[in-house]
Amino acid sequence: MCITPAAGFPSPAILRPAKTPAGTEVRTVIKHLTKRIRGAQGWRHANIVWRGDSHYGRDEAMYWYDDNGAGYIFGLAGNTALDREVAEISDHLRFWHAWSNEPKMRCYSSFEYRAGSWSAKGAGRPSRLCAS
């Protein structure tokens, strides 16, 4: 557990072997931490948003978040389907970056997405993705 310096709030960190966790493992940890946070005095109705890298974006965890009033932000690993979704905005960004004097530029886009590997439980319930 570490404390976020700017806000002074605890940030959980999991020390584990260097392998991608199973969706059930991610869900178990999130369920436990969410229960502890919501059980603390004054935090019962806290708006909880979990953030993780792509290997924590497992469908078992995402469905649990949706069903239990928690939010999530995951950086997903790229693939050809996601590349197609952001192709036009990427071209737009490259064009304007070539004309600018800026060392870096960023733009944002959002769209609905559901990976074919995500379980049937969420069929027809895509996730909202934001690309930057």
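The values are calculated or read from the model by the stated rules, or taken from the named source; none is laboratory data. The model shown is predicted, which means the values in this text are computed figures rather than measured ones. Ideal geometry is used to build each Cβ from the backbone, glycine not excepted, and the neighbour counts take in all protein chains shown.
For segment 75-109, enumerate the residues that are farther than 28 Å from D59 by Cα and either basic (K, R) or touching a Phe, Trp or Tyr at 6+ places or on another chain (Cβ under 8 Å) (or both). Within segment 75-109, R94, K104, M105, R106 qualify.
The set of residues in segment 64-93 being part of a loop (DSSP other than H, G, I, E, B) and touching a Gly at 6+ places or on another chain (Cβ under 7 Å) consists of L76 alone. Could we say that R84 is over 30 Å from K35 (Cα atoms) and of a type in the set (K, R) here? For R84, the condition - over 30 Å from K35 (Cα atoms) and of a type in the set (K, R) - is met. Here A61 clears all of (1) in a loop (DSSP other than H, G, I, E, B); (2) touching a Gly at 6+ places or on another chain (Cβ under 8 Å) except the condition numbered (1). Being at pLDDT 85 or above, more than 23 Å from L15 (Cβ to Cβ) and of a type outside the set (S, T, N, Q) is a property that does not hold for D59.
Condition check ((1) of a type outside the set (K, R); (2) assigned by TED's automatic domain parsing to the domain that holds R36; (3) in contact (Cβ under 8 Å) with a residue 40 or more places away in the chain) across all residues:
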| position | (1), (2), (3) |
| --- | --- |
| D59 | yes, yes, yes |
| M62 | yes, yes, yes |
| G69 | yes, yes, no |
| I89 | yes, no, yes |
| W96 | yes, no, no |
| W99 | yes, no, no |
| S110 | yes, no, no |
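Could you please find all residues in segment 31-58 being in a helix (DSSP H, G or I) and closer than 25 Å to S110 by Cα? Within segment 31-58, S54, H55, Y56 meet the criteria.
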